[in-house]
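Have a look at this one before I ask anything.
The values are calculated or read from the model by the stated rules, or taken from the named source; none is laboratory data. Since the structure is predicted, the reported quantities are computational estimates derived from the model, not experimental observations. We work out accessible area using only protein heavy atoms, side chains counted, and drop any ligands, DNA or RNA first. Shrake-Rupley method; radii C 1.70, N 1.55, O 1.52, S 1.80 Å.
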Amino acid sequence: METNRRDFLRKAGQLTFLSAIIGGSAYLLAEDRIQLEGCADNQFCKKCQKLNTCSLDQAKKYKENER
């Protein structure tokens with residue numbers, strides 16, 4: 001099958017986008033900018049509907065500080 005310019009550019013764009021997504025995710029995980037589980041900061045606990053039943057450390061600390 002012969003590849004034409006349109007197919008090549010489309011495939012190159014897809015690979016570039018995929019590389020950017022993977023590279024960005026790796027950067028965020030390596031720099032500890034995001035966590036794979038739980039909330040990242042107490043700012044989310046203020047409006048969280050699950051605060052009363054949450055068992056994460058961040059939620060426990062937030063509840064202690066609010067009392």
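Determine, yes or no, whether Q35 is assigned to a helix (DSSP H, G or I) and at pLDDT below 80.
Numbers: assigned to a helix (DSSP H, G or I): no; at pLDDT below 80: yes.
Against the criterion (assigned to a helix (DSSP H, G or I) and at pLDDT below 80), Q35 does not qualify.
Condition check: open to solvent by less than 60 Å² (accessible area, probe 1.4 Å) and at pLDDT 70 or above. Does G24 satisfy that? Please lay out each step first, then the result.
Numbers: open to solvent by less than 60 Å² (accessible area, probe 1.4 Å): yes; at pLDDT 70 or above: yes.
Criteria met by G24.
If you go through segment 1-21, how many residues are of a type in the set (V, I, T) and modelled with pLDDT of 95 or more?
Residues of segment 1-21 that are of a type in the set (V, I, T), as a first pass: 3, 16, 21.
After this cut, where a residue has to be modelled with pLDDT of 95 or more as well, the list is 16, 21.
Qualifying residue count, segment 1-21: 2.
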